[in-house]
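Single-structure report; data block below.
Every number here is computed from the coordinates shown, using simple stated rules; none is lab data. If you're wondering where the values come from, they're calculated on a predicted model, not measured in any experiment. Using ideal geometry, Cβ is built from the backbone for each residue, glycine included, and neighbour counts are taken over all protein chains shown.
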Amino acid sequence: MLFIIKIQKKGELVQRYSTHKIRRFLKIARLINFEGQGTRVHLRLVDRKQLNVRGKIRNFDNEGYYDKAEDFWFTFNAFMEK
């Protein structure tokens, strides 16, 4: 699984993190400061290639933008469920 975090402040990209390791992702995610003015975080989780409904192989991913830490962690937990 690939974890991607993009941190934006006032509409500009400040940091971008990408990793395959969940421990590194959790370490980075815990350090995000959501309290700043105009902080927005883009979370994207790319799962491995799987067969879709039509029988074709493609990447499955989940992504979204979050302004609050509670929403970010709630969505991360929902994405990680199998």
Under Karplus coefficients 6.51, -1.76 and 1.60, residue-wise ³J(HN,Hα) of the stretch 11-16 in Hz, glycine/proline x: x, 10, 6, 9, 9, 9
Average silhouette area of the chain, convex hull of alpha-carbon atoms, in square nanometres: 5.8 nm²
Potential extension, residue 53-residue 27 segment - 0.36 nm per residue separation minus Cα distance: 5.8 nm
Gained length - residue 34 relative to residue 78, 0.36 nm times residue gap less alpha-carbon distance: 13.9 nm
Computed label-point distance, nm, for sites residue 65 and residue 14 using a 7 Å Cα→Cβ extension: 1.6 nm
Rounded to 10°, Cα long-axis angle of helix 69-80 versus longest principal axis of the chain: 10 degrees
For the stretch 2-80: relative contact order, % (alpha-carbon pairs under 8 angstrom, 6 or more apart): 27 percent
Within straight-line cross-link reach of residue 6, lysines at Cα separation under 26 Å, skipping those fewer than 8 residues along the same chain: 21, 27, 49, 68, 82
